[in-house]
Amino acid sequence: MQRLAITCLVFVCSGLIASAAHADSRVFEPMDVFGLQWVDNPQISPDGRQVVFERKGFDVMKDRKQSSLWRIDSDGNNLRPVAASGYGAAWSADGRRLAFVASDSGKSQIQMHWFDTGQTARITDLTESPQNLSWSPDGRWLAFSMRVPAEQAPLAKMPSPPKGAEWAAPVKVIDSVIYRVDGGGYVDPGYSHVFVVSSNGGAARQLTTGKHNFNSAPAWTADSSALIVSANLGDNWEYEPVESELYRVAVRDGAITRLTERKGPDFHAILSPDGKRLAWLGFDDKRRPYQATRIYVGDTNAGNARSLTDNYDISVDAIAWDGNRGLWLQFDDHGKTQLGWISASGGKVERVADDLGGVEVGRPYTAAEFSAAGGRVAYTQGGMYNLANLAVTERSGKSRTLTNLDANLLENMNLGQMEEITAKSSFDGRDVQAWIVRPPNFDPNRKYPLLLEIHGGPFAAYGPHFSPEVQLFAAAGYVVVYANPRGSTSYGTEFANLIENAYPSQDFDDLMSVVDATIARGSIDTDNLFVTGGSGGGCLTAWIVGHTDRFRAAVSAKPVINWYSFVLTADMYPFFSHYWFADLPWDKVDNYLERSPISYVGNVKTPTMMMVGEEDHRTPASEAEQFYQALKIRKVDTALVRIPGASHGIAQRPSNLIAKVLNIVAWFEKYRTDKPKGN
């Protein structure tokens, strides 16, 4: 491990800095990650004239994300700070106050900001972190969700220790279905419930009870007398990871009325401003691995519901009312996140903007946020060479960018330039969309090593989005190519479900075709091809080295290696075992093993490094360790990089993002036949 780090540092000093010396401006370097800033969670005022947003970045001393709240007029004027820290902001209906969550004395509390005086005060004294703040239309109440610890009687009664004795910590007995959550570790017993608190502050009152979770943002009825929430209150709820229904909860006494009833999720309910119609998201659950989310509109009790988007092969991520006439919607299409508009009575989906994005920091995934009011939409605007800025638009589609947070950093850099390509799959001729990012100061007369970077999911999508990881690879001298093979989202249901009961499979052919298409464009050293990916991309990386020897070296990050062990050790095993496979592993062993990279480890000749977070509960470390130990037994060059404290989201801490990239590059440098000077 020490030798790997030394190689990495030598590379940074010689490779990256040497490249910068020949440029008019310097390249993106590892420490620049700490200088990045971006916009998240924009919340537009009720009249559409102002936007409050989270200004995010990294604290280099604490090695953590940090978030402050800022306000700006919709015309781009009067950018002002609101709070030095905070998130989850929500405007009051009259636009005079802003509620948000911030840490106070070590606990997350609801804070209130008064715009007329500029004062801010804490209005709660909660023992757990509040989420999903929602104002009542009359301005009197705030609804929110919060975890409520549950009492658990011990299985056995221990004798009392002698006074002053130092006994071991008591045992923990687990009997719940979900007992570990990635990013949260082993969870104590408890359930998420809905609360209300006076907007003037005071004690919070719990509205929902029982051994169930109410996780979605509550929506108020027009008269402020009730909330619409989403939950699965069935007896079998722990074994139904997708199922949920809409319920009306009376604020006065917590009485619950069921509004929807079908097999499938119903969630993200929002009432029209006039209170006459309810819109929400959901789908009919057919137990497919990928299922597109639809928009539904019904009366206030969810009666007479109809889907507005059945004629469109898109999956809707978020919605907001545009007055009472229509709905704004967010969805992905061909690697880009789009803002659309549709009439509340149905009809054509109008495309309003296609540049949403920029909130996924690390790899170039699609991800965005928006809010709407007063006929306007505020959204996170991504780009090929910057993280999210704030933009506003109207139905006319004329967008205005209001911020440029990274201008002083990124606009003075020589970044790797991006090109979109389309490859034909060698398996069936389908189009496979991909993006090439070339090194700064790219010379088409030279030959460069190629790095194939594979996304996870597998039901996810990359796109033409700024990625610090990709830019660091490019700055290290690699031509980077990433793609959306079959199974990726944003290309319709049929394309995504091509990997149903067949993952990995022909996605391998898609990726190899992308590599071939990139080589055909020239300037690639075919003796120096490298491959890496994380999560599902880590699984595909391990699959690739078991099926071809064309790559000089590989890094498989946080992979699935053995599907049999994965579905019985992952945190969300009820979902993976029932939606990604037709049968349980002990009933169809061959179905699991024939899709597992471990079954082909006997073919591997490629030097392959494994990487995993030590607290990864999604694809546990035991997955990577299986492949590592098998390669060791076979005396194939390998290494195992364990990242202390990291969950499945390795890049949640910026130093881990940097360590991930630099260790990958250091591994590849060991096997390059054209090693840069100084290595």
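The values are calculated or read from the model by the stated rules, or taken from the named source; none is laboratory data. Just so it is clear, the model here is predicted, and its values are computed rather than measured. Cβ placement follows ideal geometry from the backbone for every residue including glycine, while neighbour counts extend to all protein chains displayed. Heavy atoms of the whole protein, side chains included, go into the accessibility calculation; ligands, DNA and RNA do not. Shrake-Rupley method; radii C 1.70, N 1.55, O 1.52, S 1.80 Å.
Can you compute the radius of gyration and Dmax for region 90-147, using only the Cα atoms, both in Å?
Both quantities, over Cα of region 90-147: 11.2, 33 Å.
Once both axes come from the Cα atoms, what is the angle between helix 536-545 and the longest principal axis of the chain, in degrees from 0 to 90, rounded to 10?
Approximately 20 degrees, to the nearest 10.
Quick check: net charge around residue 369, other residues with Cβ under 12 Å of its Cβ, Lys/Arg +1 and Asp/Glu -1?
-3
Could you work out the relative contact order of the chain? I mean the mean sequence separation of Cα pairs under 8 Å and 6+ apart, divided by the number of residues, in percent.
Worked out over the chain, it gives 11 percent.
Using only alpha carbon pairs under 8 Å that are at least six residues apart, calculate the relative contact order of region 529-637 and give it in whole percent.
33
Can you tell me the accessible area per residue over region 391-526, all protein chains present, probe 1.4 angstrom, in square angstrom?
About 34 Å² of surface per residue is accessible.
Loop only by DSSP, 12 or fewer other Cβ within 10 Å of the Cβ. Give me the GluC sites (Glu not before Pro) in region 392-466 that pass, ordered by residue number.
411
I'd like the projected area of region 547-679, averaged over all directions, using the convex hull of its alpha carbons. Report it in nm² with one decimal.
9.2
Top to bottom by accessible area (1.4 Å), largest first, where do 87, 179 land?
87, 179
Taking the chain as the reference, fit the longest principal axis to its C-alpha atoms, fit the long axis of helix 654-671 to the helix C-alpha atoms, and give the angle between the two in degrees, 0 to 90, nearest 10.
On a 0 to 90 degree scale, this one is about 20.
From the helices alone, meaning DSSP H stretches of at least four residues, give me the mean residue ellipticity at 222 nm for the chain, per-run term -39500 (n - 2.57), in deg cm²/dmol to the nearest 500.
Helix-only estimate at 222 nm: -4000 deg cm²/dmol.
Less than 13 Å Cβ to Cβ from residue 222, Lys/Arg counted +1 and Asp/Glu -1: what total charge do the surrounding residues give?
With Lys, Arg at +1 and Asp, Glu at -1, the net is -1.
Using +1 on the beta carbon of Lys and Arg, -1 on that of Asp and Glu, and nothing else charged, what's the dipole of the chain about the Cα centre, debye to 20?
920
How tilted is helix 621-633 with respect to the longest principal axis of the chain? Cα atoms for both, answer in degrees (0 to 90, nearest 10).
With both axes taken from Cα atoms, the answer is about 10 degrees.
Taking the Cα centre of region 534-675 as origin and charging only Cβ (+1 Lys, Arg; -1 Asp, Glu), how large is the dipole, in debye to the nearest 20?
640
Please give the net charge around residue 345, taking every other residue with its beta carbon less than 11 angstrom from that of residue 345, where Lys and Arg add +1 and Asp and Glu add -1.
Here the count lands on +3.
When only C-alpha pairs under 8 Å and at least 6 residues apart count, what is the relative contact order of region 451-514, in percent?
About 32 percent, as a whole number.
At q = 0.08 Å⁻¹, what base-10 log of I(q)/I(0) does the Debye formula yield for the chain when every alpha carbon is treated as an equal point scatterer in vacuo?
-0.65
Which of the trypsin sites (Lys or Arg not before Pro) found in region 361-440 are loop residues per DSSP with 13 or fewer other Cβ atoms within 10 Å of their Cβ?
Qualifying residues, ordered by number: 398.
Tell me, what is the FRET efficiency for residue 547 and residue 673 to the nearest 0.05, using R0 = 25 angstrom and their Cβ-Cβ distance as r?
For residue 547 and residue 673, the calculated efficiency is 0.65.
So if I take the centroid of the Cα atoms in region 587-601 and the same for region 94-173, what is the distance between those two points in Å?
About 45 Å separates the Cα centre of region 587-601 from the one of region 94-173.
Where in region 559-598 are there chymotrypsin sites (Phe, Trp or Tyr not before Pro) that are in a DSSP coil and have at most 10 other Cβ atoms within 10 angstrom of their Cβ?
Sites meeting the loop and neighbour criteria: 586.
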